[in-house]
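The values are calculated or read from the model by the stated rules, or taken from the named source; none is laboratory data. Just so it is clear, the model here is predicted, and its values are computed rather than measured. Cβ placement follows ideal geometry from the backbone for every residue including glycine, while neighbour counts extend to all protein chains displayed.
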Amino acid sequence: MAITIALAGNPNSGKTTMFNDLTGSSQHTGNWPGVTVEKKEGRLKGHREVVLQDLPGIYSLSPYSPEEIVSRSYLVNDRPDAIINIVDASNVERNLYLTTQLLELGIPVVVALNMIDVVRKTGDEIDVKKLEQALGCEIVETCALRGEGSVQAAERAVALAKNAAVTLTKNTFAPSKNTITNTAGNAHTSSLSKEAPRFLNRRTAFSNEVEAALDSIGSLVRELGAVKDKVAGKINNGEAYLRWLSIKLFERDAEAAKDAGIADTAEGKRVLAEIEKITTAVEDKLDDDSESIITDGRYNYISDIVKQTVKRKNAFALTLSDRIDRVVTNRILALPIFAGVMFLVYFIAVSTVGAWGTDWVNDVLFGSLVPDGVANGLAALGTAGWLNGLILDGIIAGVGAVIGFLPQMLVLFVLLAFLEDCGYMARIAFILDRIFRRFGLSGKSFIPILVGTGCGVPGIMASRTIESDNDRRMTVMTTTFIPCGAKLPIIALIAGALFPGSMWVAPSAYFLGIFAILVSGIMLKKLKRFSGRATPFVMELPAYHLPTPGGVLRTMLERGLAFVKRAGTIVLAATVLVWFLSSFDTSMQMVDTTDSILAIIGDKIAVIFSPLGWGDWRAAVATITGLIAKENVVGTFGVLYGFAEVAEDGAEYWPQLIAAFTPLAAYAFLAFNLLCAPCFAAIGAIHREMMDVRWTLFAVAYQCGFAYVISLIIFQMGRLFGGGGFTVGSAVAIVFILTLVWMIGFKKPYAVPAGERLSGAPASEVA
Amino acid sequence: MKTLRETTNGDRVTVVKVHGEGPVRRRIMDMGVTKGAEVLIRKVAPLGDPVEINVRGYELSLRKDDAGMIEVI
């Protein structure tokens, strides 16, 4: 029988790190809340019958954002056989808040007291034995990062799950009164003897009024159809479930009522009305609302436990994190530091360290070593001319052009992995929230954007932590404006070939992306479909920690490998196709590129792009192939411009590129390719997040349209000011600029009807 | 009524009540800002919003609008 164990806990408590350790997988981890947005399944190493579920982090079982709902509905409705609740030991109080709720589900829980090393370092002490007794569940001290204790936690969870399964089949289960404490203070320990099923978790004790209300609610719903089955033993620990449900109903949790099958029957509705009366009576008596009563009750309960079990040196003491924060989120320095960091990332990856590596690979490896070697080999074999062409001019020129940028990408991936792991991400969101809000986005939108710097697909998925639908959609639409890893070769190519020695071109691509996001934010926010209240910004700022070299390297290798794989598959296929189309004419005769099928097609498409300054058919074709994967842009250039050159004299195709583009046109080309619709994979991700075809089409159309407008403005205005004379193109560019200015500065936002303003704050403060 | 909005850097206050309604309020409470919780105001972001507070031993950031819902003494 398969046993399912869920890893649940607060965001950023180390669930995925432990999951990777236990299953041998390599899911992405990072130091900011919300790295995992989908549940992932894996099998426990050494115990193939045990399935582990890694869940997105949650602070409570009353979730708000889409990825948190995944966790809750899994825990509540699918009911795993056991839960490993990962608790950040350096932050016990808030983490145990979720624990109290997990214990109520009636599913056996093992608490993994994670990052115990951090606690030991600060000199805090946790009395684990006492905490075990107070919570009524087993605790294992772990340090998932170093793999300490994880296996033990998993084994305990498996044992509990098996134990529970036995209890369920015997159906001898009854709620045991002596496992319940009235106050946290006098927890009696008799129930924790070795023989008793240790999953009879203790539960939060609320005040007498609340307990009485919960009892009445429990007896009201106990006999209802769907609930009755569960309580009577269809699921493990049905009584606990009843208690959990009673609390949820007391809190007016509509989702829980629906899941329990109460909301839609006549009988259920009558009961809900009864419950409403009970709840209101308690609220009147305690002069507070039911949600507050329950949350306060839980936190008071935990505070009591923590007071007895955790000795903290000084709660408000300045830690190293705080000292770093003093500088990094300093009022004056924060923004310059952020700009400096991003500039450095690009400067190091594209212009300096990465470029040296790339130069070597391009000049030496793919410039002479590989083609010469292969050419000699082919000559020795005496292969057909067309095959030589395919291999040398097609595959090596195309795939080589892409692989050539690997050093730069690896450097970028290292730097990004470092940024993600050290804890700076959440700070950037904190610093930029004010700016982003002005532009219609939330500071939280910045995390998808930064993740998107590596690859747009996880970037788009990272937007799931944004609670408001509008803000999330807008983030999904704009995230790919930021140059991803696959666009890096385009930047590096243009910067290297047409702007040699310039240090502003590569970083400018990044800031062009930011500019596009901000401008789009303002414009889109004014449309009716995006109007409404902004996402709240209630966000945890995790402590900094120095990323482990192993972790950073692993992330780099994984992403690098994914890149190489794409080069070997999608890019390879595309280059072969491009080579074929550019080597033959319609009567299947091998011809000069300029007479090929591709030239004929390309010429037709190129007309569209000629106002942008790059009406050359090769550039047009490269842009189109870029939709399949952005690496193809460079690959296609490699095939089309590098034709025969590579094999003959080892020269790269850069000189040909310089001949085909003016720097201005090249920059316009770069701008268009950075901003237009992302690759198919990312468009697929947009579609998954939007869950709607029309939204997806709108997003893609907007991205392409915006890219066209910006690229046209860059080229036409650049030409006008460069002394190119006033043309129709200049006039169009000016019209575009005026439209943008009007959209940004003068168009009135769609007015939200007063009644729809879903704000907790008084209307005057919102306005 | 004094709220978290009116506090300044370095203030140490105690939460009296979280006003307002809806999911944002619930989230704030779930994060540990509940009646009786001690809060230290750490800092204000470079552009005046949001604020960073220390509550229950960790750092939390909130917008000023939301901080205005939290009554403190």
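On the given criteria, is A:T29 out of contact with any Lys or Arg (no Cβ under 6 Å at 6 or more places or on another chain) and part of a loop (DSSP other than H, G, I, E, B)?
Here the answer is yes, as A:T29 does meet what is asked.
Where in the range A:360-457 are there helices (runs of 4 or more DSSP H), lying fully within it, with 3 or more residues that are away from chain B (no Cβ under 14 Å)? Break it down stepwise before answering.
Details: elements: A:370-381, A:385-388, A:397-403, A:406-422, A:424-438, A:446-452.
Ranges flagged: A:370-381, A:385-388, A:397-403, A:406-422, A:446-452.
Residue-wise test of (1) surrounded by fewer than 20 Cβ atoms within 10 Å (Cβ to Cβ); (2) within 14 Å of chain B (Cβ to nearest Cβ); (3) in contact with a strand residue (DSSP E or B) (Cβ under 9 Å, 6 or more places away or on another chain).
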| site | (1), (2), (3) |
| --- | --- |
| A:E68 | no, yes, no |
| A:R72 | no, yes, no |
| A:V76 | yes, no, no |
| A:V92 | no, yes, yes |
| A:K121 | yes, no, no |
| A:C143 | no, no, yes |
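From A:I278, A:I302, which residue is part of a helix (DSSP H, G or I), surrounded by 13 or more Cβ atoms within 10 Å (Cβ to Cβ), within 13 Å of chain B (Cβ to nearest Cβ) and at pLDDT 85 or above? If you could, list the steps in order and put the result at the bottom.
Working: A:I278 fails: within 13 Å of chain B (Cβ to nearest Cβ).
So the residue among A:I278, A:I302 that is part of a helix (DSSP H, G or I), surrounded by 13 or more Cβ atoms within 10 Å (Cβ to Cβ), within 13 Å of chain B (Cβ to nearest Cβ) and at pLDDT 85 or above is A:I302.
Here A:K311 meets the list (1) surrounded by 14 or more Cβ atoms within 10 Å (Cβ to Cβ); (2) within 14 Å of chain B (Cβ to nearest Cβ) almost entirely, failing just condition (1). Under the condition of being of a type outside the set (D, E) and either crowded, with 24+ Cβ neighbours inside 10 Å or within 16 Å of A:R464 (Cβ to Cβ) (or both), the residues counted in the range A:30-49 number 9. In a residue-by-residue description of the range A:714-725, the property of being touching a residue at least 24 places away in the same chain (Cβ under 8 Å) and under 28 Å from A:E38 (Cα atoms) applies to no position.
Which residues, taken from the range B:18-30, are out of contact with any helix residue (DSSP H, G or I) (no Cβ under 7 Å at 6 or more places or on another chain) and touching a residue at least 24 places away in the same chain (Cβ under 8 Å)?
Applying the first criterion (out of contact with any helix residue (DSSP H, G or I) (no Cβ under 7 Å at 6 or more places or on another chain)) to the range B:18-30 yields B:19-23, B:25, B:27.
Those that are out of contact with any helix residue (DSSP H, G or I) (no Cβ under 7 Å at 6 or more places or on another chain) and touching a residue at least 24 places away in the same chain (Cβ under 8 Å): B:H19, B:G20, B:R25.
Taking each residue of the range B:1-14 that is more than 10 Å from B:K43 (Cα to Cα) and looking for partners that are surrounded by 14 or more Cβ atoms within 10 Å (Cβ to Cβ) and hydroxyl-bearing (S, T, Y) with beta-carbon atoms closer than 7 Å, six or more apart or interchain, yields B:V13/B:T7. In the range B:27-60, the residue that is surrounded by the fewest Cβ atoms within 10 Å (Cβ to Cβ) out of those that are in a strand (DSSP E or B) and facing chain A (nearest Cβ under 7 Å) is B:L40. For B:V24, only one of the following conditions fails: (1) facing chain A (nearest Cβ under 7 Å); (2) surrounded by fewer than 19 Cβ atoms within 10 Å (Cβ to Cβ); (3) under 20 Å from A:L541 (Cα atoms); (4) more than 12 Å from the chain's Cα centre (by Cα). What is its number? Exception for B:V24: condition (2). Out of A:D692, A:D592, A:D616, one residue alone is within 24 Å of A:I714 (Cβ to Cβ) and of a type in the set (D, E). It is A:D616. In a residue-by-residue description of the range B:61-70, the property of being more than 7 Å from every other protein chain (Cβ to nearest Cβ) and part of a strand (DSSP E or B) applies to at least one position.
Here A:N85 does not fit the description of being crowded, with 24+ Cβ neighbours inside 10 Å and within 10 Å of chain B (Cβ to nearest Cβ). Count of the range A:332-359 residues, restricted to those that are within 14 Å of another protein chain (Cβ to nearest Cβ) and outside any helix (DSSP H, G or I), is 2. Only one of the numbered conditions (1) surrounded by 21 or more Cβ atoms within 10 Å (Cβ to Cβ); (2) within 7 Å of chain A (Cβ to nearest Cβ) is not met by B:V15, and that is (2).
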